[in-house]
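Since the structure comes first, as structure tokens, the remarks are kept for the end.
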Amino acid sequence: MTDSIMSKAATMEIPINSNGDTGTLPEDDSLEQDLQQVMVSGPNLNETSIVSGGYGGTAEGIIPTSSIKDLRTMARRSSVPPTNSVTCHIASYSHECQGSNMHHSSSSSSMMAEQTTRGVAVEKLETVKKWGLNTYKCTKQIISERFGRGSRTVDLELEAQIEVLRDTKRKYENVLRLARALTNHFYNMVQTQHALGDSFAELSQKSPELRDEFGYNAETQKLLCKNGETLLGAVNFFVSSINTLVNKTMEDTLMTIKLYENARLEFDAYRSDLEELSLGPRDAVAMARIDAAQQQYHVHKDKYERLRSDATIKLKFLEENKVKVMHKQLLLFHNAISAYFAGNQQQLEQTLKQFSIKLKPPGADKPSWLEEQ
């Protein structure tokens with residue numbers, strides 16, 4: 001019955017009018033009754049079957065839906081592990097990966113640090129090796145020169161200038177020492193004159209019968225004290241200029257000369273080494289050593305010539321600077337001493353103005369009360 005109804009419904013024609021709209025189907029009471037009967041007597045939806053063949057085929061291959069649901073439930077239970085187990089497996093795998101990455105990074109950093117330390121150690125070892133070899137050669141050269149066995153490179157003109165400079169420095173140091181002694185003695189004399197003038201002034205107030213005499217002497221000592229302070233300013237400027245010339249300008253030139261002498265010693269040491277190797281055998285190993293010695297010889301020769309030129313230039317400039325400075329300072333010293341002992345206060349003050357010397361006011365060297373707190 002069902003088949004006949006479905007075939008009837010499938011073969012039913014739908015009329016279409018001229019405008020393309022569907023026409024109104026005639027009411028068929030028998031068809032409506034048949035459909036209601038099919039709906040009532042049809043299979044339950046919960047027990048719907050799946051047909052593997054086409055419509056109207058045989059009943060073979062029909063599987064109930066309830067069986068499919070049971071199969072899906074069984075497959076899900078058997079194949080999917082519990083959620084907590086999956087989480088634990090993932091966490092453990094992630095922890096292992098992180099540990100492996102951390103171990104790899106730490107090992108890489110330790111290897112880099114080890115390589116850096118090794119490179120620094122090798123560099124230091126090479127530096128110590130070169131220093132030891134250079135010291136050995138220079139010591140050998142010094143011993144050879146002192147015992148008259150080795151030759152020495154000599155620049156007669158430069159050596160004479162260096163000797164003159166050293167002798168001049170010794171003499172200027174003696175002048176500086178005596179000028180400082182004079183300054184100290186004269187400072188004590190000025191302080192004594194100042195104290196003596198104060199005592200005369202005090203006695204002039206307490207001795208009416210000798211007031212004039214004590215007053216004259218007090219004024220004289222105060223005038224001498226003022227002139228002495230002016231002379232001390234000139235002498236201190238003289239001492240400061242000599243100290244700069246001796247302990248800075250000359251010392252700087254002597255440092256360059258010392259570098260020149262060290263370069264000369266190294267040059268002679270490597271020159272003697274090259275000469276000894278040149279007199280030996282000429283095999284492959286010896287030729288390699290001779291080539292290395294020639295390279296070192298040329299390096300130290302260039303260094304020696306450069307420092308010799310520097311020393312010559314500094315000696316020339318030092319001589320010019322020394323003449324200029326000493327001409328000014330000796331003129332200052334003479335004029336100041338002459339004006340002081342001649343009692344010419346105006347000439348003494350004019351001498352200080354001529355050389356742009358400013359005197360410090362009394363008590364300028366003492367710290368203020370705020371600095372003492």
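The values are calculated or read from the model by the stated rules, or taken from the named source; none is laboratory data. None of these values were measured; they are calculated from a predicted model. Accessible surface areas use protein heavy atoms only, side chains included; no ligands, DNA or RNA. Shrake-Rupley method; radii C 1.70, N 1.55, O 1.52, S 1.80 Å.
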Please report, in cubic angstrom per residue, the volume enclosed by the convex hull of the alpha-carbon atoms of segment 191-306.
106 Å³
Using protein chains only and a probe of 1.4 angstrom, how many square angstrom of Lys248 are accessible, to the nearest 10?
140 Å²
At a probe radius of 1.4 Å, what is the per-residue accessible area of His334, in Å² to the nearest 10?
110 Å²
Which whole-Hz ³J(HN,Hα) couplings does segment 243-254 yield from phi under the Karplus relation 6.51 cos²θ - 1.76 cosθ + 1.60, θ = phi - 60°, glycine and proline marked x?
5, 5, 5, 7, 8, 10, 5, 5, 5, 5, 5, 5
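Per 0.36 nm of contour for each residue apart, how much would the distance between His334 and Ser309 grow if the chain were fully extended, relative to their Cα-Cα spacing? Let's see the in-between values first.
Values: separation 25, 0.36 × 25 = 9.00 nm, distance 3.77 nm.
Residue separation times 0.36 nm, minus the Cα-Cα distance, leaves 5.2 nm.
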Quarter of the Cα convex hull surface for segment 118-266, i.e. its orientation-mean projected area (nm²):
16.8 nm²
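On a 1.4 Å probe surface of the protein chains, which of Asp302, Asp268, Asp252 comes out largest in accessible area, and what is the full order? Show your work: numbers first, answer last.
Details: Asp302 95, Asp268 0, Asp252 75 Å².
Most to least solvent-accessible, the answer reads Asp302, Asp252, Asp268.
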